[in-house]
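A short worksheet on the structure shown next.
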């Protein structure tokens, strides 16, 4: 049986919430992030949804943070048709 993109996304999301994963990847613990942080994702991103990212973003412990949702964007923003918008938003953050 082949894995569908939706099934793979569920597997990734389930793996992300497992406690042993946060020991290996501490960047998944938002309150431990204290450096300037930009979260940028596409409106149609199949892995990172607004529902997933808003709670994470709100727990970041840095006053210098930005959440950007690119209209019509997917998961590979820097490779997509509107990649210049992605580049502009990243440059504005610095």
Exercise for review: Tell me which residues, restricted to the stretch 58-72, are assigned to a loop (DSSP other than H, G, I, E, B) and within 22 Å of residue 36 (Cα to Cα).
Suggested key: 59, 60, 61, 62, 63, 64
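Looking at the stretch 48-57, which of its residues are assigned to a loop (DSSP other than H, G, I, E, B) and surrounded by 15 or more Cβ atoms within 10 Å (Cβ to Cβ)?
Passing the criteria: only 48.
For every residue, the table says whether it meets (1) over 21 Å from residue 92 (Cβ atoms); (2) surrounded by fewer than 12 Cβ atoms within 10 Å (Cβ to Cβ); (3) in contact with a helix residue (DSSP H, G or I) (Cβ under 8 Å, 6 or more places away or on another chain); (4) at pLDDT 60 or above.
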residue: 2; (1), (2), (3), (4): yes, yes, no, yes
residue: 9; (1), (2), (3), (4): yes, no, no, no
residue: 19; (1), (2), (3), (4): yes, yes, no, no
residue: 36; (1), (2), (3), (4): no, no, yes, yes
residue: 39; (1), (2), (3), (4): no, no, yes, yes
residue: 44; (1), (2), (3), (4): yes, no, no, yes
residue: 59; (1), (2), (3), (4): yes, no, yes, yes
Practice item. Just name the residue that is surrounded by the fewest Cβ atoms within 10 Å (Cβ to Cβ) out of those in the stretch 61-84 that are in contact with a helix residue (DSSP H, G or I) (Cβ under 8 Å, 6 or more places away or on another chain) and more than 19 Å from residue 30 (Cα to Cα). Key: 78
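So, in the stretch 73-93, of the ones that are in contact with a strand residue (DSSP E or B) (Cβ under 9 Å, 6 or more places away or on another chain) and either part of a helix (DSSP H, G or I) or at pLDDT 85 or above (or both), which residue ends up nearest to residue 50 (Cα to Cα)?
Applying the first criterion (in contact with a strand residue (DSSP E or B) (Cβ under 9 Å, 6 or more places away or on another chain)) to the stretch 73-93 yields 73-77, 80, 82, 85-86, 89-90, 92-93.
This time we only want the ones that are either part of a helix (DSSP H, G or I) or at pLDDT 85 or above (or both), so: 77, 85-86, 89-90, 92-93.
Numbers: 77: 15, 85: 19, 86: 17, 89: 18, 90: 18, 92: 21, 93: 20 Å.
In this case the residue turns out to be 77.
The values are calculated or read from the model by the stated rules, or taken from the named source; none is laboratory data. Keep in mind it's a predicted model, so treat the numbers as computed, not measured. Note that each Cβ is placed from the backbone with ideal geometry, even for glycine, and that neighbours are counted across all protein chains shown.
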